[in-house]
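**Student:** Attaching a single structure in structure tokens format; questions to follow.
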Amino acid sequence: MRGLWQRLRQRSEQRAVARRAIPDTVWQLTLARYPFLALRDAADLVELRRLTSLFLDSKEFSGAHGLQLSDDMVVAIAAQACLPVLRLGLRPYDGFVGIVVHPDEVQVRREFVDDDGIVHEFDDVLAGEAMEGGPVMLSWRDVSEAGESAEWGYNVVVHEFAHVLDMGDGLADGIPPLASVAERQRWQAVLMADYEAFCARVDDGEEASLDPYGTESPEEFFAVASEAFFVAPHDMRAEHPALYELLAGYYRQHPAGRP
Ligand SMILES: [Zn+2]
């Protein structure tokens, strides 16, 4: 039965890839615009292109504020979203369908209640947002500049999809679903040690290769570490060797090359 089911699934995947085949010109343009993708070896790129087609087949994109989404825009987003799950497959993304693309960053009104019960309102500016069950929101300006911003480890698509992975167990806590309690404990130990050291460095005003936004919380730290892991892996490994190895084990990828 298992063999039959696998064959059926394989066939349905092949049909989806054919339905959403990415034209060569669009794929080459994507690789040229996002050099951190082009750096991958040939086998990775074949798999990335296949996953990108499957992603396009299973997700719904919409442009906000009249933004028209062209083929190369949705392929750019899909390819970057598939990079973290290159070895994990698309199943971790099954919990949502919609991707809403805004022309630029989005201003939102936030409120929080302090310890004395007083409600504070403030404006927040978002380049992206991921919520459990979706949709994922992205600023096209930030996505389109990802080729250049990779230099400082910034990538909004990887950031938001790292949050999606993190929330796979229903909790946004910087710990994605893992196979065992022992793995979870090890993850927490490595992540928290690195997180606290990073917060101390940022507090001291030291230069860091990760986005200081990562000091917000362990889940933001996981998301910014994932960005750098995929788009500026050498700097990330040099500054956070233990965290790099943790992420390499989880994502089953070694973007900085094997030591
Ligand atoms: Zn975030």
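**Student:** Only one of His159, His163 is under 18 Å from Leu83 (Cβ atoms), of a type outside the set (A, V, I, L, M), touching a Gly at 6+ places or on another chain (Cβ under 7 Å) and part of a helix (DSSP H, G or I); which? Even if it seems obvious, please write down each step before you answer.
**Tutor:** Working: His163 fails: touching a Gly at 6+ places or on another chain (Cβ under 7 Å).
From the options His159, His163, the qualifying one is His159.
**Student:** Taking the condition of being exposed (fewer than 10 other Cβ atoms within 10 Å of the Cβ) and part of a helix (DSSP H, G or I), how many residues in the stretch 32-46 meet it?
**Tutor:** Kept after step one, since they are exposed (fewer than 10 other Cβ atoms within 10 Å of the Cβ), are these residues of the stretch 32-46: 41-43.
Cutting the leftovers down to part of a helix (DSSP H, G or I) gives us 42-43.
Result for the stretch 32-46: 2.
**Student:** Have a look at Leu69, Leu29, Leu4, Leu54 and point out the one that is assigned to a helix (DSSP H, G or I) and free of Cβ contacts under 8 Å to residues at least 40 places away in the same chain. Spell out how you get there, then give the answer.
**Tutor:** Values: Leu69 fails: assigned to a helix (DSSP H, G or I); Leu29 fails: free of Cβ contacts under 8 Å to residues at least 40 places away in the same chain; Leu54 fails: free of Cβ contacts under 8 Å to residues at least 40 places away in the same chain.
The match here is Leu4.
**Student:** Provide a single number: the residues in the stretch 102-141 that are in a loop (DSSP other than H, G, I, E, B) and within 18 Å of Ala76 (Cβ to Cβ). So that I can check it myself, show each step before the final result.
**Tutor:** First pass over the stretch 102-141, keeping only residues in a loop (DSSP other than H, G, I, E, B): 103-105, 114-118, 127, 131-135.
In the following step, the residues that additionally are within 18 Å of Ala76 (Cβ to Cβ) were identified as 103-105, 127, 135.
Matching residues across the stretch 102-141 total 5.
**Student:** Continuing with this model, one more query. Taking the stretch 226-259 as the search range and keeping residues that are among the aliphatic types (A, V, I, L, M) and touching a His at 6+ places or on another chain (Cβ under 7 Å), which one is farthest from the ligand (Cβ to nearest atom)?
**Tutor:** Residues of the stretch 226-259 that are among the aliphatic types (A, V, I, L, M), as a first pass: 228, 231-232, 236, 238, 242-243, 246-248, 256.
Next, only the ones that are touching a His at 6+ places or on another chain (Cβ under 7 Å) stay: 248, 256.
Details: Ala248: 21, Ala256: 23 Å.
The extreme case among them is Ala256.
**Student:** Against the definition (among the charged types (D, E, K, R), part of a helix (DSSP H, G or I), out of contact with any helix residue (DSSP H, G or I) (no Cβ under 7 Å at 6 or more places or on another chain) and modelled with pLDDT of 95 or more), how does Glu245 come out, yes or no? Walk me through how you get there before you give the answer.
**Tutor:** Numbers: among the charged types (D, E, K, R): yes; part of a helix (DSSP H, G or I): yes; out of contact with any helix residue (DSSP H, G or I) (no Cβ under 7 Å at 6 or more places or on another chain): yes; modelled with pLDDT of 95 or more: yes.
So Glu245 passes the test.
**Student:** Only one residue in Ala130, Ala162 is within 13 Å of the ligand (Cβ to nearest atom), without any contact (Cβ under 8 Å) to a residue 40 or more places away in the chain and buried (at least 17 other Cβ atoms within 10 Å of the Cβ). Which one? Explain how you work it out, then say what you get.
**Tutor:** Numbers: Ala162 fails: without any contact (Cβ under 8 Å) to a residue 40 or more places away in the chain.
None of the other options fit; the residue is Ala130.
**Student:** Among Tyr244, Tyr195, which is crowded, with 19+ Cβ neighbours inside 10 Å, more than 26 Å from Glu145 (Cβ to Cβ) and within 20 Å of the chain's Cα centre (by Cα)?
**Tutor:** Details: Tyr244 fails: more than 26 Å from Glu145 (Cβ to Cβ).
So the residue among Tyr244, Tyr195 that is crowded, with 19+ Cβ neighbours inside 10 Å, more than 26 Å from Glu145 (Cβ to Cβ) and within 20 Å of the chain's Cα centre (by Cα) is Tyr195.
The values are calculated or read from the model by the stated rules, or taken from the named source; none is laboratory data. The shown structure was predicted, so the numbers you read here are calculated from the model rather than taken from an experiment. Because the Cβ atoms are built from the backbone with ideal geometry, glycine has one as well, and the counts that use them run over all protein chains shown.
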